[in-house]
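Notes to accompany the following structure.
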Amino acid sequence: GSSPTLGTGADTLLPFANEVFDTDNAYDTSNGRFTVPSGKAGKYFLHAQIKTATHTNFNMLEIVLYQNTTAQTQARVYHDDYGSVNASALVDASVGDYFWVRAMQNSGGDLTLSTSVHHTFFTGFKLL
């Protein structure tokens, strides 16, 4: 797929285009949401990471993991080259809750993210 681009100063929804495992067909690549399926409420571990694809000095790179419309966790890095940032959360989730990731940077120009599933990804699984 094409490389996701973060415009400077803009919150950007990240719909991750590739799925490695999705046993319940709960992730929608068109809108970037993982939705808790029927009968699957419980405690979930969620993790997201992004990495820039180019050697670019930037001021700030941020990632936020949301449950519905509420930010559950957020992480930032400052003044880095080939920057990466990740965030994790343990959450109680009800059927129909959805999770998604947004990112932001303020380098003064667009930043392209790596498309490698080892560098830029969103993952999660049910614990209980």
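The values are calculated or read from the model by the stated rules, or taken from the named source; none is laboratory data. Since the structure is predicted, the reported quantities are computational estimates derived from the model, not experimental observations. Methodologically, a virtual Cβ is constructed for each residue, glycine included, from the backbone with ideal geometry; neighbour enumeration extends over all protein chains shown. Just the protein is used for accessible areas: all its heavy atoms, side chains included, with ligands, DNA and RNA removed. Shrake-Rupley method; radii C 1.70, N 1.55, O 1.52, S 1.80 Å.
For Gly96, the conditions (1) more than 18 Å from Pro4 (Cβ to Cβ); (2) modelled with pLDDT under 95; (3) open to solvent by less than 50 Å² (accessible area, probe 1.4 Å); (4) more than 15 Å from the chain's Cα centre (by Cα) are fulfilled apart from (2). Looking at region 1-87, the strands (runs of 3 or more DSSP E) lying wholly inside it that each contain 2 or more residues that are farther than 18 Å from Asp97 by Cβ, open to solvent by 30 Å² or more (accessible area, probe 1.4 Å) and in contact (Cβ under 8 Å) with a residue 40 or more places away in the chain sit at 42-51. Based on what the data block shows, is Ala71 at pLDDT 90 or above and in contact with an Asp or Glu (Cβ under 8 Å, 6 or more places away or on another chain)? It is false that Ala71 is at pLDDT 90 or above and in contact with an Asp or Glu (Cβ under 8 Å, 6 or more places away or on another chain). Out of all the residues in region 99-121, which are under 19 Å from Val20 (Cα atoms), open to solvent by 40 Å² or more (accessible area, probe 1.4 Å) and part of a strand (DSSP E or B)? Selection gives Trp100, Phe121.
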